[in-house]
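Presented below is the structure to which this report refers.
The values are calculated or read from the model by the stated rules, or taken from the named source; none is laboratory data. Just so it is clear, the model here is predicted, and its values are computed rather than measured. Cβ placement follows ideal geometry from the backbone for every residue including glycine, while neighbour counts extend to all protein chains displayed.
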Amino acid sequence: MLAKGTLYVCATPIGNLGDITLRVLDTLREADLIAAEDTRHSRKLLQHYQINTRMISYHEHNEKRKSLELVEKLKAGQTIALISDAGLPGISDPGTEIINLCRAENIPVDVLPGANAALTALVLSGMPADHFSFHGFLPSSAGARTRSLESLANLPQTQIFYEAPHRLIATLKAMSEYFGDRKAAVVRELTKVHQQVHRGSALELKEFFEESEPRGECCIIVAPYVSVKPAGGPEEWCREVRERVNLGLSKKDAMKEVAKLYGVKKSEVYQALLD
């Protein structure tokens with residue numbers, strides 16, 4: 001039994017229609033209204049499970065206006081199920097706007113978990129999963145994409161990205177410049193018949209997809225950055241400090257940089273200079 005005046009945020013399959021929970025199916029059947037990112041796409045899911053609940057469109061281009069309309073329906077006691085084309089609304093899909101509006105209006109919100117492309121791809125890739133960052137889609141413009149990758153280059157955790165097939169090669173090329181030759185994976189067609197995992201460096205993956213045209217939404221998984229500290233002792237530390245001071249850095253800041261570079265304490269670099 002659904003609670004009146006509640007927004008139910010429902011996860012839907014990311015490929016295989018069997019990847020939907022019984023709870024979501026019951027909610028889609030019992031709700032007064034389904035707000036769907038693409039009603040034509042979602043109709044296939046509803047027809048598959050013989051669900052006849054009325055649908056309206058709720059997508060990125062009408063999100064603000066529709067959120068206001070849906071909140072009024074919720075205030076009137078209707079139950080609404082929110083779905084995206086695939087996965088969980090709010091994760092690189094519309095949903096955050098109405099959820100925040102409901103919170104502001106003290107309207108109950110419930111989230112029904114299920115399929116998620118990012119986590120599925122992460123586990124499938126075999127990359128470290130104890131610490132990871134999800135970034136969704138990178139900016140479409142080359143300049144903004146470059147700035148984003150530059151800021152992410154030295155993160156010490158696995159990174160997850162979504163990418164469209166027509167932008168995959170350009171993104172992998174940019175990643176090869178900022179992420180170097182560390183391990184990466186491209187996961188395609190998740191949960192579908194032609195699901196594939198391609199592994200290699202970003203450059204190797206770029207070259208592969210230049211020969212084999214990518215199709216379907218992709219997840220890119222990049223291994224954590226591991227700092228490679230240069231070998232060296234007190235003599236090298238002192239030389240590095242002097243070089244930085246000659247370039248205009250203060251002695252204090254120069255010692256700090258060198259200590260970080262070699263993975264030692266600043267006091268050790270200071271003592272080396274005294275000696």
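Would you mind finding the one in Leu17, Leu70 that is touching a helix residue (DSSP H, G or I) at 6+ places or on another chain (Cβ under 9 Å) and under 24 Å from Leu119 (Cβ atoms)? Steps first, answer last, please.
On the way: Leu70 fails: under 24 Å from Leu119 (Cβ atoms).
Of the residues listed, the single one that is touching a helix residue (DSSP H, G or I) at 6+ places or on another chain (Cβ under 9 Å) and under 24 Å from Leu119 (Cβ atoms) is Leu17.
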Query raised in the report: Can you tell me which residues in the stretch 1-51 are under 26 Å from Lys64 (Cβ atoms) and aromatic (Phe, Trp, Tyr)?
Result: Tyr8
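Specify which of the listed residues (Ile34, Ile80, Ile14) is buried (at least 18 other Cβ atoms within 10 Å of the Cβ) and either of a type outside the set (Val, Ile, Thr) or under 21 Å from the mean Cα position of the chain (by Cα) (or both).
Just a single option satisfies the conditions, and that option is Ile14.
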Report summary line: Pairing a residue in the stretch 249-275 that is in a loop (DSSP other than H, G, I, E, B) with any residue that is buried (at least 16 other Cβ atoms within 10 Å of the Cβ), where Cβ atoms lie under 7 Å and the two sit 6 or more apart in sequence or on different chains, gives Lys265/Ala259
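Residues of the stretch 81-111 being free of Cβ contacts under 8 Å to residues at least 24 places away in the same chain and of a type outside the set (Gly, Ala, Ser), which ones? Lay out the reasoning, then the answer.
Of the residues in the stretch 81-111, the ones free of Cβ contacts under 8 Å to residues at least 24 places away in the same chain are 96, 100, 103-104, 106.
Answer for the stretch 81-111, where residues must be free of Cβ contacts under 8 Å to residues at least 24 places away in the same chain and of a type outside the set (Gly, Ala, Ser): Thr96, Asn100, Arg103, Asn106.
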Query raised in the report: Among the residues of the stretch 37-57 satisfying the criterion of being in contact (Cβ under 8 Å) with a residue 24 or more places away in the chain and β-branched (Val, Ile, Thr), which is surrounded by the most Cβ atoms within 10 Å (Cβ to Cβ)?
Result: Ile51
Query raised in the report: Looking only at the stretch 218-238, which residues are without any contact (Cβ under 8 Å) to a residue 12 or more places away in the chain and out of contact with any helix residue (DSSP H, G or I) (no Cβ under 9 Å at 6 or more places or on another chain)?
Result: Val228
Query raised in the report: Only one of (1) surrounded by fewer than 20 Cβ atoms within 10 Å (Cβ to Cβ); (2) part of a loop (DSSP other than H, G, I, E, B) fails for Leu190. Which number is that?
Result: (1)
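Would you mind finding the one in Gly232, Gly200 that is farther than 30 Å from Glu189 by Cβ, surrounded by 12 or more Cβ atoms within 10 Å (Cβ to Cβ) and not basic (Lys, Arg)?
Working: Gly200 fails: farther than 30 Å from Glu189 by Cβ.
Criteria check complete, one pass: Gly232.
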Requested in this report: Would you mind stating whether Gln159 is polar (S, T, N, Q), within 18 Å of the chain's Cα centre (by Cα) and closer than 28 Å to Pro13 by Cβ?
Outcome: yes
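Is it the case that Phe134 is of a type in the set (Phe, Trp, Tyr), surrounded by fewer than 20 Cβ atoms within 10 Å (Cβ to Cβ) and not assigned by TED's automatic domain parsing to the domain that holds Ala31?
Working: of a type in the set (Phe, Trp, Tyr): yes; surrounded by fewer than 20 Cβ atoms within 10 Å (Cβ to Cβ): yes; not assigned by TED's automatic domain parsing to the domain that holds Ala31: yes.
Considered against the rule, which asks whether it is of a type in the set (Phe, Trp, Tyr), surrounded by fewer than 20 Cβ atoms within 10 Å (Cβ to Cβ) and not assigned by TED's automatic domain parsing to the domain that holds Ala31, Phe134 comes out as yes.
Considering only the stretch 71-187, give the helices (runs of 4 or more DSSP H) lying wholly within it that have at least 2 residues that are among the small types (Gly, Ala, Ser). Explain how you work it out, then say what you get.
Numbers: elements: 96-104, 117-125, 142-152, 168-179.
Counting at least 2 such residues, we get 117-125, 142-152, 168-179.
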Report summary line: Taking the stretch 17-31 and keeping only residues that are of a type in the set (Val, Ile, Thr) and either over 27 Å from the mean Cα position of the chain (by Cα) or crowded, with 20+ Cβ neighbours inside 10 Å (or both), one is left with Ile20, Val24, Thr27
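In the list Gly200, Gly216, Gly248, which residue meets the criterion of being at positive phi and outside the structural domain of Phe134 (by TED's automatic domain parsing)?
Going through Gly200, Gly216, Gly248 in turn, just one is at positive phi and outside the structural domain of Phe134 (by TED's automatic domain parsing): Gly248.
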